[in-house]
Each structure stands twice: as structure tokens, then as C-alpha cells.
Amino acid sequence: MVVTKEEVQALYKAHILPENNNPYHFEAKDNASTSLDAYNPMCGDKFQLHLNVKDDTFDTVHFHGFGCAISKASTSILLRKIEGISKVDAIALCEKFLKNLTEDNQVDEFDKELNTLIALKHFDGRIDCIKLPWEALLAHLMKG
Amino acid sequence: MLKNTKTYFPIFKKYPDLVYLDSAATTQRPKLVIDAINQFNSFENANIHRGVYDLSNSATKNFELAREKVAKYLGSTNPKTIAFTSGTTNSINIVASSFLRPRLNKDDNVVITLLDHHANFIPWQMLAKEKEAEFRVVPIDKNGNLDLTVLEKSLDQKTKFLSLNHISNSLGTTTDIGEIIALAHKKNIPVMIDAAQSIAYYDLDIHQLDYDFLAFSGHKMFGPFGIGVLYVAEKWMKNITPYNYGGGIIKDVTIEDTTFSDFPFNIEAGTPNISGVMGLSSAIDFIHKFDKKEMIQHISDLVNYCTDQLISIDKVKIIGNPENRSGIISFVVDGIHPHDVASFLNQDNIAVRAGMHCTQPLLAAMNTSATVRVSFSIYNERKEVDQLKNSLVELIKFWS
Ligand SMILES: Cc1ncc(COP(=O)(O)O)c(C=O)c1O
């Protein structure tokens, strides 16, 4: 499925640009309890996720770096979703989100923001931008 | 300006609205080349060198005629200077491992430039590391030009090899390779030219330029993917040893040992890309339909026009301002990531590339981590530049 230019513009205008222009906790916090890179060497997008974890739960989380509007918005949305939830719940969320993102049909319902990201998978060639922080965080959490 | 060149390319018949500005990644394929490959696959298919039947004999003959044609394309009368490889990357790696590896010692150095593609960067970097030799990367000025005096200073008695591209695939810088080769030869340093971006349009006559090694890819000169060329000067042919073992490269095999054929046959182990060679051969025929000066003129007109149009857009910044620019321009749009720019241009049927273009150290030196790149070929037209401009203006308005 290819989306029309008007649809893409509407998605950008309503969700991606606001998130890109006012990203959540966009700040380098080098003293966080965990830091990891979400890096795509194919395009050079690179964000550092700074995560403070207390009792296996994400306390405050920040990110910083450089990337396209979609990867930045995706990272920003991801951080807002995991703040205050446990690592186990974060793993489940990442897995469920990535499954719906990569399979042809979306089977689970999410909130408006995540639905928007999933809708953008039809914007040809940009699925890696959406995936970037989710895959990086999941890989990090699965390492234990 | 060249006229009606789009008609040679079936893709523009299928997509008349396509604005293809990514020829530096791969050029479109003319019908002549597609037909030549189809002709071979449909009616002439047989493996070479090993058969004694008509089809095999004729495939072998055409394969070797193609070698002759490629040699002639470079001004060489000796087809044995030409080896078929899978592409530029493969050709460069062969020279690194078959020619330079045995000659490079601890504390020697290998020189390349900051303008080089990763394909002409990493093979030398890795070899230098392995040999504890120095890997020297000649810097560029802020406009993206090589300074020949700086380059000359980088060449010393310990320099065993110089490799550089003719045209930068990122900034579009065209380098005076003739002068550089002469400089290096004065110090007895062999030179390899990465001609991936120039082979289609520039005259790279061996008698004028005197390079020792030359690499290029079929798919950037209107030919197919998966076929490339390595030219080796006669005086170095005996120094190229096999890097990949198998059938077709041997003189004699016993249980005790193997002796090998001479270059170029000693690096063409296994069944080569025969239909690719047929395609490459017809790509050269296609190029011969045009006058090279006219092709360069056509592309240069487009690139100058495009530069002017881009400069006129507020928020667009061109990366690099080389003295001699080929058909390539890299730029950034203030506040909009190159990927977003490319995605929105795609919505208007404009095909451009966004990213690092396999030149991460170069972009780092230009203080950017990604650019939008447009590149022109003989089928592009001024009105496509206008479309690019209009789309960019619309995008910038939308974004703000
Ligand atoms: C200057 C330059 N060198 C080398 C290469 C690698 O060519 P290939 O991928 O065909 O091996 C390219 C391709 O982008 C290039 O532009």
C-alpha cells in the first residue's frame, strides 16, 4: 500500500512535526544509570538513550542525538511510553509494537501516537527510521 | 544540449514523470544494453572457454572481443590489460590484496584522499593495519578540493601506493588525475584510479593519463549490475597474483601444487558474469553514439543551472564548492533531515539519495553527517531541475 502525498503530509503535520519540534526530554544526561546508542550506520542517524532505572522500572528517561523527523519522533514517543513502566513491560511493548510495525496487517490496537507511527510504515522506505530506537532498546533489554 | 536522450531508456517510457536524479548510484539502462543481455540469454547462452561446440565457441569469442573493446575504450591495444570483475569495489580489493599486500612492509605508507568512497578507503586502511604500515588520508580544503601541494607532501620514499578517485561521488569534485599521476610517478609510486563516477563521460586514455591501475563498474556507465573492470598496466601484470582460487585460472594442477595462468586470466576464477560482459560491451557501443565533450557539456549545463537554483532557495546549503564540479551536488536543508527531504521529493516522483554516500570521513570533515545528493546524466533536462526547486520550496513551506 502506498499512501498519497496528502496523507503523508497530514500525518507529518498532525503528529511527526510537533513531536520532532518539541521532542520529549531531548537532553544529554550522561550520568544516567544506563546509556545506549540507537544507530543506523546506513544513514547516519544516531541517538543516545539515557535511562535511569530504579527497581527494574524506568524512572526518568532522556535522549539526544541526530536523525530524521521520523526517527526522532519515534524515539521521543518511545521514551514517553516507557517512563514509569517496568523493564518487563517495556520488552512486551517493544515486541508488540515491532510485530505490528513489520507485519502486513496491524492486529493490535495502540494509542493514537503509536498508531500514527505504525501507519507511517506505508511511507515507502522509512520503516527503519521508525524501528530504530525500538529495536535498540529491545536488544539492550534482552541482553539482560 | 543533448536532445531526446530519454527515448533510449525504457524506464522513462514506463514512468514518463520520473525525475531520476540518482545516476551517481546507478545509471539507467538503455534498450540497446537490455536487448544485448536478452539476446545472449535467449539465443547465445553457453559457458565460455570449456566447450568445443558452436554456441560455446561463439560465447568465448564474444567474451574476448568484449575484452578487446574495453581495452580500446581506455586507449589500450592490449586486451590482456583488462580483467573482468564484479565491480569497482572488487577491482580495488584485488589490487590491495594481490598487488600491494606482498609489497607493503612495516612503516611504509599507503596514500588515499578524504574524497574517496569507502570502497577506495577501507581496503587500504585494513591492509595498512595488517602490515603495521601508515594509512595516509590527504585532506581537502573547505570547498572540497584537493590541494596538490598537500598531496605531493604526503608522498615520500616510504609511500608504496597512491589510490584516488577521479570524481567524488559525494561532493562532485573532479580531480586533475593526470597531474597527480605524473607527480607520483616522479617518485616511482604506482597509482590506482577509481573511475566509477567518470568512466561513462570522460576520456580516460591510458596514453594521456598513464595510470597503473584503473577500476570501474558497468552499472554506472549504462551497463548492468555485477560486472566491472580492472585495468592493470603491462609493467605490473606479472605482479598480480590470484586472490581467489578455482577453475579457469590454472596452467597445471597436480596433487602437490598448482601453477597459474597470467593476468588477467589468473583472477577470473570460476564462471564469469558472461551476460554481464555482453551488457558492458553494448554499454560501450551506446556511449559511442555520443560525443563525450557533448555529454560533459550537457551535464555541466544542468549542474550549473541546478547550483544556481539551489542557491536561490533560502535554507538550502550546498556542501562543498569544488573548482571543477562533475554532475553531482550534495546539499542540506536547514532544519529538515536529508531523509525527510528525500521522502518528500519521492512523493513528487523525484528520485534523489540521502545519507552518507559511503563517505563518512568526508562528510565528517565537512561538518555534516548526511546530505541530499542529486546527480545528473545525459537523460536529465533543465525542467527537472525546476521541478526539484519547486518541490523543495513547497517542502520548506510545509515544514515551517
Ligand atoms: C567513487 C566510487 N567508487 C566506488 C564505488 C563502488 O562501486 P561498486 O558498488 O559498483 O563496486 C562507487 C559507487 O557508488 C563510487 O561512486
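The values are calculated or read from the model by the stated rules, or taken from the named source; none is laboratory data. None of these values were measured; they are calculated from a predicted model. Virtual Cβ from ideal backbone geometry, glycine too; neighbours counted across all protein chains shown. Accessible surface areas use protein heavy atoms only, side chains included; no ligands, DNA or RNA. Shrake-Rupley method; radii C 1.70, N 1.55, O 1.52, S 1.80 Å.
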Do we have residue B:312 as at pLDDT 95 or above and in contact with an Asp or Glu (Cβ under 7 Å, 6 or more places away or on another chain) here?
-> no
Within the range B:383-395, how many residues turn out to be away from chain A (no Cβ under 13 Å) and buried (at least 19 other Cβ atoms within 10 Å of the Cβ)?
-> 4
Whichever residue in the range B:345-382 is small (Gly, Ala, Ser) and more than 22 Å from residue B:304 (Cα to Cα) and, among such residues, is surrounded by the most Cβ atoms within 10 Å (Cβ to Cβ) | B:370
Extreme residue, surrounded by the most Cβ atoms within 10 Å (Cβ to Cβ), among residues of the range B:176-202 that are part of a loop (DSSP other than H, G, I, E, B) and more than 11 Å from the ligand (Cβ to nearest atom) | B:200
How many residues, within the range B:1-12, are assigned to a helix (DSSP H, G or I) and closer than 19 Å to residue B:387 by Cβ?
-> 4
Quick check, is residue A:74 modelled with pLDDT of 95 or more, out of contact with any Gly (no Cβ under 7 Å at 6 or more places or on another chain) and within 14 Å of chain B (Cβ to nearest Cβ)?
-> yes
If you scan the range B:79-113, which residues turn out to be away from the ligand (no atom under 16 Å from the Cβ) and within 14 Å of residue B:230 (Cβ to Cβ)?
-> B:79, B:80, B:81, B:82, B:98, B:99, B:100
Answer yes or no as to whether residue B:17 is of a type in the set (Asp, Glu) and either open to solvent by 80 Å² or more (accessible area, probe 1.4 Å) or not in a helix (DSSP H, G or I) (or both).
-> yes
Filter result (more than 14 Å from residue A:71 (Cβ to Cβ) and either within 14 Å of chain B (Cβ to nearest Cβ) or not charged (D, E, K, R) (or both)) within the range A:25-39 | A:25, A:28, A:31, A:32, A:33, A:34, A:35, A:36
Can you spot a residue in the range A:69-87 that is free of Cβ contacts under 8 Å to residues at least 24 places away in the same chain and surrounded by fewer than 15 Cβ atoms within 10 Å (Cβ to Cβ)?
-> no
Note on the range A:38-68: residues in a loop (DSSP other than H, G, I, E, B) and open to solvent by less than 30 Å² (accessible area, probe 1.4 Å) are A:43, A:44, A:67, A:68
Single condition residue B:235 does not satisfy, out of (1) in a helix (DSSP H, G or I); (2) open to solvent by less than 40 Å² (accessible area, probe 1.4 Å); (3) assigned by TED's automatic domain parsing to the domain that holds residue B:98 | (2)
Evaluate the range B:193-216: report whether one residue or more is within 30 Å of residue B:261 (Cα to Cα), in contact (Cβ under 8 Å) with a residue 40 or more places away in the chain, hydroxyl-bearing (Ser, Thr, Tyr) and in contact with a helix residue (DSSP H, G or I) (Cβ under 7 Å, 6 or more places away or on another chain).
-> no
Does residue A:132 fit the bill of being in contact with a strand residue (DSSP E or B) (Cβ under 6 Å, 6 or more places away or on another chain), in a helix (DSSP H, G or I) and not polar (S, T, N, Q)?
-> yes
Could you check how many residues of the range B:118-172 are assigned to a helix (DSSP H, G or I), touching a strand residue (DSSP E or B) at 6+ places or on another chain (Cβ under 8 Å) and either within 16 Å of the ligand (Cβ to nearest atom) or within 14 Å of chain A (Cβ to nearest Cβ) (or both)?
-> 4
Please go through the range B:203-224 and pick out each residue that is aliphatic (A, V, I, L, M) and either away from the ligand (no atom under 15 Å from the Cβ) or within 14 Å of another protein chain (Cβ to nearest Cβ) (or both).
-> B:206, B:209
Strands (runs of 3 or more DSSP E) contained entirely in the range B:315-382, each with at least 3 residues that are more than 9 Å from chain A (Cβ to nearest Cβ) and in contact with a Ser or Thr (Cβ under 7 Å, 6 or more places away or on another chain) = B:328-333, B:371-375
Of the listed residues (B:59, B:46), the one being more than 16 Å from the ligand (Cβ to nearest atom), surrounded by 19 or more Cβ atoms within 10 Å (Cβ to Cβ), farther than 30 Å from residue B:303 by Cα and not assigned by TED's automatic domain parsing to the domain that holds residue B:300 is B:59
